[in-house]
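Have a look at the structure below before the remarks.
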């Protein structure tokens, strides 16, 4: 699970609500343009999986109406990060895909403690 590898879906979860959550795990600090470029590449890769239909092969429960792209980040975004996420949300939602994002340092604390 890494932001740097756009070819990998970090986590796909089928929610109790029936939605399929495609999760991007972002442990990077905010504040650099490089972070935004790397995150954009990962988002584009996820959207490509949806656009070309590959996600339906990988996650059979996925349908065009139940997909949600979710970014879980370790650090709270700065002003530029929030502006970026607002723009991304509009674009993704216009494509008919749900979009969520949140800070979850506890998840990262657990992952760090259980990393090989």
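The values are calculated or read from the model by the stated rules, or taken from the named source; none is laboratory data. This is a predicted model, so every value here is computed, not measured. Neighbour counts run over all protein chains shown; Cβ positions are idealised from the backbone, glycine included.
Scan the stretch 82-99 residue by residue and report those that are in contact (Cβ under 8 Å) with a residue 12 or more places away in the chain and over 15 Å from residue 42 (Cα atoms).
Selection gives 95, 96, 97, 98.
Please count how many residues of the stretch 82-95 are in contact with a helix residue (DSSP H, G or I) (Cβ under 9 Å, 6 or more places away or on another chain) and either loosely packed, with under 12 Cβ neighbours inside 10 Å or over 21 Å from residue 21 (Cβ atoms) (or both).
Adding up the residues that qualify gives 0.
For the stretch 13-41, which residues satisfy the criterion of being within 14 Å of residue 62 (Cβ to Cβ) and within 10 Å of the chain's Cα centre (by Cα)?
21, 22, 23
For the stretch 13-60, what are the residues that are under 16 Å from residue 98 (Cα atoms), part of a strand (DSSP E or B) and touching a helix residue (DSSP H, G or I) at 6+ places or on another chain (Cβ under 7 Å)?
22, 24
Among the numbered conditions (1) in contact (Cβ under 8 Å) with a residue 40 or more places away in the chain; (2) surrounded by 16 or more Cβ atoms within 10 Å (Cβ to Cβ); (3) within 25 Å of residue 82 (Cβ to Cβ), tell me where residue 49 comes up short.
Here residue 49 clears every test but (3).
Within the stretch 91-100, is even one residue in contact with a strand residue (DSSP E or B) (Cβ under 6 Å, 6 or more places away or on another chain), under 20 Å from residue 12 (Cβ atoms), modelled with pLDDT of 85 or more and in a helix (DSSP H, G or I)?
Within the stretch 91-100 (the criterion being in contact with a strand residue (DSSP E or B) (Cβ under 6 Å, 6 or more places away or on another chain), under 20 Å from residue 12 (Cβ atoms), modelled with pLDDT of 85 or more and in a helix (DSSP H, G or I)), the answer is yes, since at least one residue qualifies.
Taking the options 112, 86, name whichever one is in a helix (DSSP H, G or I) and modelled with pLDDT of 95 or more.
86 is the lone residue from the list that is in a helix (DSSP H, G or I) and modelled with pLDDT of 95 or more.
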